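Trainee: To start, I am sharing the structure in question, which I have written as structure tokens.
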Ligand code: HEC
């Protein structure tokens with residue numbers, strides 16, 4: 001009895017929940033990559049490349065505004081050992097394909113302005 005009376009409410013709740021979940025996944029598809037990239041950068045890259053992609057050490061490259069394809073290609077090369085650098089080889093081996101995509105999304109999304117020397 002009680003269950004039968006509650007069925008419409010349960011159905012409505014389920015539909016609402018599915019609707020919300022669907023909406024959230026749609027919206028977060030892009031932002032999720034960027035935010036996952038930011039989190040990874042904060043945890044793994046920031047100490048040398050900065051959260052803003054400005055190198056904190058003279059030999060660590062600036063990455064802000066770098067082309068996404070270039071960042072992905074370099075990280076894959078470090079991971080495969082085709083590009084050799086002691087620290088970056090170790091770091092790249094800790095990244096899966098999604099991590100590489102996400103950190104590249106983060107650094108390439110930082111907007112920079114260029115000024116030629118006078
Ligand atoms: C311990 C310091 C350190 C950390 C941490 C670090 N890097 Fe690096 N990274 C370097 C150095 C030094 C280089 C230059 C290596 C070389 O000469 O090949 C470099 C090079 C790179 C390059 C190539 C740049 C270019 O212009 O070709 C990319 C891309 C890169 N790092 C991405 C990352 C990402 C993404 C992370 C985090 C997942 C990270 N690095 C973490 C020190 C670091």
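Trainee: Keeping to the stretch 79-92, report how many residues are within 15 Å of residue 44 (Cα to Cα) and either surrounded by fewer than 11 Cβ atoms within 10 Å (Cβ to Cβ) or more than 6 Å from the ligand (Cβ to nearest atom) (or both).
Mentor: Final tally of qualifying residues: 4.
Trainee: Quick check: is even one residue across the stretch 42-55 exposed (fewer than 13 other Cβ atoms within 10 Å of the Cβ), out of contact with any helix residue (DSSP H, G or I) (no Cβ under 9 Å at 6 or more places or on another chain) and assigned to a loop (DSSP other than H, G, I, E, B)?
Mentor: No, the stretch 42-55 has no match at all.
Trainee: Go through the stretch 56-71 residue by residue and tally those that are surrounded by 13 or more Cβ atoms within 10 Å (Cβ to Cβ) and more than 9 Å from the ligand (Cβ to nearest atom).
Mentor: Of the residues in the stretch 56-71, 3 are surrounded by 13 or more Cβ atoms within 10 Å (Cβ to Cβ) and more than 9 Å from the ligand (Cβ to nearest atom).
Trainee: Let me ask another. What is the number of the single condition among (1) crowded, with 19+ Cβ neighbours inside 10 Å; (2) touching a residue at least 24 places away in the same chain (Cβ under 8 Å); (3) within 8 Å of the ligand (Cβ to nearest atom) that residue 74 does not meet?
Mentor: (2)
Every read-out reported here was derived from the displayed coordinates using simple, explicitly stated rules and does not represent laboratory data. Model, not experiment: these values are computed from the prediction. Glycine also receives a Cβ, built like all others from the backbone with ideal geometry; neighbour counts cover every protein chain displayed.
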